[in-house]
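Some notes on the structure that comes next.
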Amino acid sequence: MSFCYRHFVRPVLFTQESEKVHNRTLHALGTVSRSRLLCGVTASIYGAQGLPIELCGLRFPNPVGLAAGMDKQAAAVPVWEALGFGFCELGGVTWHAQPGNPAPRMFRAIPDRALVNRMGFNNGGAEAMARQLTAWRQAGRWPNHPVGINLGKSKITPLEKAAEDYASSFKLLRDHADFFVVNVSSPNTPNLRQLQDKSALDEILAALQEENKSFVVPGLSRTARTTNNEQRATNRKPVLVKVAPDLSFEALDEILELTGPRHIAGIVATNTTISRPNSSHPALGKIYAEAGGLSGAPLRARSTEVIRHLYRQTKGHLPIIGVGGIFDGDSAWEKITAGASLVQIYSGLVYEGPGIVKKIVRNLGEQLRKHGLSQLSEAVGIFSKES
């Protein structure tokens, strides 16, 4: 299936402008999502075997998830499960609707299996996301895997009001997803990465957790709401932080210092990078000269480095979602054995096609058997443990 995509489908798609192909694909997947029959057919072809893992109080059917940026509008929520994904992360979504940066803003570096984008959090805003997610639930089309939402800052919101901006989105969307990811690491919103500074991030997380601690299960009695603080704490939605691969280890360690005080449930490592690989290829040089974040194969080594550092610094006690340069089972296994409990793909889906999840999950199962392990959690960080 991957062979057919790479040799017949992808060459046709790659003759067209990248963002236009993306939008057409999402439209088609949205159509599939609205049909039980089409989703069933899709699942029969691309569905992955079970390789479950529990994390942050959630059960993931398998460890391979859809990275943020692919489905910003929640346009195709049901189909990601049919394509074999063990979870999906929607967004990034911002409080205010915004068009993003001027086009063209997405580019392919084909020889390096990479993408450069400067989308700039183009999305319909938190209210539109809430309406779309409500519609999927009401239609009975909600997936059986965890659904996350990636939260970004609106471009028009000044940095000093960032905490309020993030908290507004979280408050509105809190009941619509299983976990949330605070995105302060995209390179495509002016000055956003300044929010990775410990004090700025602390303010954002404090605002989110103030909203989070008031979360109670619908139907809980008034008495329980006011007296059972332990129950209320248990019902916090997991809030993770997505970090940039360009941060120093010292800066990453400062973020880790907020784990306990701000109830960080995990780290997503990593976002796209502003660095570029060396290349003498004329076409690649032109693409790499474009402003924006680089994703895909060139990011693989650095993202794994960051994962390994985070795992060692936290002694494996903080969940990590690994993302960056995952195209096959070997690259996913690399991330998991470095310390990631879950992995996500974006560029890999673009380059390898819809069969990628099934292939990765099958290979991970083979790796477990090869190493004499019975479950995925046993593999997490086995090559990063210090002797």
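Considering only the range 262-269, I want to know if a residue exists there that is in a helix (DSSP H, G or I), modelled with pLDDT of 95 or more and either within 18 Å of A340 (Cβ to Cβ) or of a type in the set (V, I, T) (or both).
no
Within the range 332-347, identify whether any single residue is of a type outside the set (A, V, I, L, M), crowded, with 21+ Cβ neighbours inside 10 Å, farther than 27 Å from G91 by Cα and over 17 Å from the mean Cα position of the chain (by Cα), and answer yes or no.
Taking every residue of the range 332-347 in turn, at least one turns out to be of a type outside the set (A, V, I, L, M), crowded, with 21+ Cβ neighbours inside 10 Å, farther than 27 Å from G91 by Cα and over 17 Å from the mean Cα position of the chain (by Cα).
Confirm whether L318 is under 29 Å from Q16 (Cα atoms), of a type in the set (A, V, I, L, M, F, W, C) and at pLDDT 95 or above.
no
Test of understanding: among S280, S347, S295, which residue is modelled with pLDDT under 95 and under 24 Å from T15 (Cα atoms)?
S280
Tell me, please, whether a residue that is surrounded by fewer than 16 Cβ atoms within 10 Å (Cβ to Cβ) and either modelled with pLDDT under 95 or of a type in the set (A, V, I, L, M) (or both) can be found in the range 352-375.
Yes, the range 352-375 contains at least one residue that is surrounded by fewer than 16 Cβ atoms within 10 Å (Cβ to Cβ) and either modelled with pLDDT under 95 or of a type in the set (A, V, I, L, M) (or both).
Look at the range 166-194 and say how many of its residues are part of a helix (DSSP H, G or I) and closer than 26 Å to L58 by Cβ. Before the answer, list the steps.
At the first step, the residues of the range 166-194 found to be part of a helix (DSSP H, G or I) are 166-176, 192-194.
Next, only the ones that are closer than 26 Å to L58 by Cβ stay: 166-176.
Residues flagged as part of a helix (DSSP H, G or I) and closer than 26 Å to L58 by Cβ within the range 166-194 amount to 11.
Evaluate the following for F180: is it in contact with a Pro (Cβ under 8 Å, 6 or more places away or on another chain), buried (at least 22 other Cβ atoms within 10 Å of the Cβ) and at pLDDT 95 or above?
yes
May I ask you to verify whether D175 is buried (at least 23 other Cβ atoms within 10 Å of the Cβ) and charged (D, E, K, R)?
no
A265 - would you say it is on the phi < 0 side of the Ramachandran plot and surrounded by fewer than 16 Cβ atoms within 10 Å (Cβ to Cβ)?
Criteria not met by A265.
Looking at R113, R137, R174, R118, can you tell me which residue is closer than 30 Å to L37 by Cβ, at pLDDT 95 or above and among the basic types (K, R)?
Result of the check over R113, R137, R174, R118: R137.
For E89, all conditions in the list (1) under 30 Å from E54 (Cα atoms); (2) among the charged types (D, E, K, R); (3) crowded, with 18+ Cβ neighbours inside 10 Å; (4) in contact with a helix residue (DSSP H, G or I) (Cβ under 6 Å, 6 or more places away or on another chain) hold save one; what is the number of the exception?
Only one criterion is unmet by E89, namely (4).
Is it the case that the range 16-38 has a residue that's closer than 19 Å to R108 by Cβ and not in a helix (DSSP H, G or I)?
yes
Only helices (runs of 4 or more DSSP H) wholly contained in the range 328-387 count here; list those with 1 or more residues that are closer than 13 Å to N62 by Cβ and of a type in the set (A, V, I, L, M, F, W, C).
Working: elements: 329-338, 347-352, 356-370.
Those helices (runs of 4 or more DSSP H) span 329-338, 356-370.
Is there a residue in the range 311-318 that is farther than 17 Å from F249 by Cα and of a type outside the set (F, W, Y)? Quick ask: steps written out before the conclusion?
Of the residues in the range 311-318, the ones farther than 17 Å from F249 by Cα are 317.
Those left that are additionally of a type outside the set (F, W, Y): 317.
Looking through the range 311-318, at least one residue is farther than 17 Å from F249 by Cα and of a type outside the set (F, W, Y).
Which of (1) surrounded by fewer than 24 Cβ atoms within 10 Å (Cβ to Cβ); (2) more than 18 Å from T134 (Cα to Cα); (3) of a type in the set (A, V, I, L, M); (4) touching a helix residue (DSSP H, G or I) at 6+ places or on another chain (Cβ under 8 Å) is the odd one out, the single condition A75 does not satisfy?
Unmet condition: (2).
From the residues in the range 153-173 that are closer than 13 Å to E211 by Cβ and polar (S, T, N, Q), which one is farthest from the chain's Cα centre (by Cα)?
S168
Looking at W142, W95, can you tell me which residue is surrounded by fewer than 17 Cβ atoms within 10 Å (Cβ to Cβ), more than 17 Å from the chain's Cα centre (by Cα), assigned to a loop (DSSP other than H, G, I, E, B) and in contact (Cβ under 8 Å) with a residue 24 or more places away in the chain?
Step by step, each of W142, W95 is checked, and only W142 is surrounded by fewer than 17 Cβ atoms within 10 Å (Cβ to Cβ), more than 17 Å from the chain's Cα centre (by Cα), assigned to a loop (DSSP other than H, G, I, E, B) and in contact (Cβ under 8 Å) with a residue 24 or more places away in the chain.
Only residues in the range 190-212 that are more than 15 Å from S168 (Cβ to Cβ) count as the first member; pair them with residues that are exposed (fewer than 14 other Cβ atoms within 10 Å of the Cβ), Cβ under 8 angstrom, at least 6 apart or cross-chain, and list the lot.
Sorted first by the residue in the range 190-212, then by its partner, the pairs are K198/E257; A200/Q194; D202/P261.
The values are calculated or read from the model by the stated rules, or taken from the named source; none is laboratory data. None of these values were measured; they are calculated from a predicted model. Cβ coordinates were reconstructed from backbone atoms using ideal geometry, including for glycine residues, and neighbour counts include every protein chain displayed.
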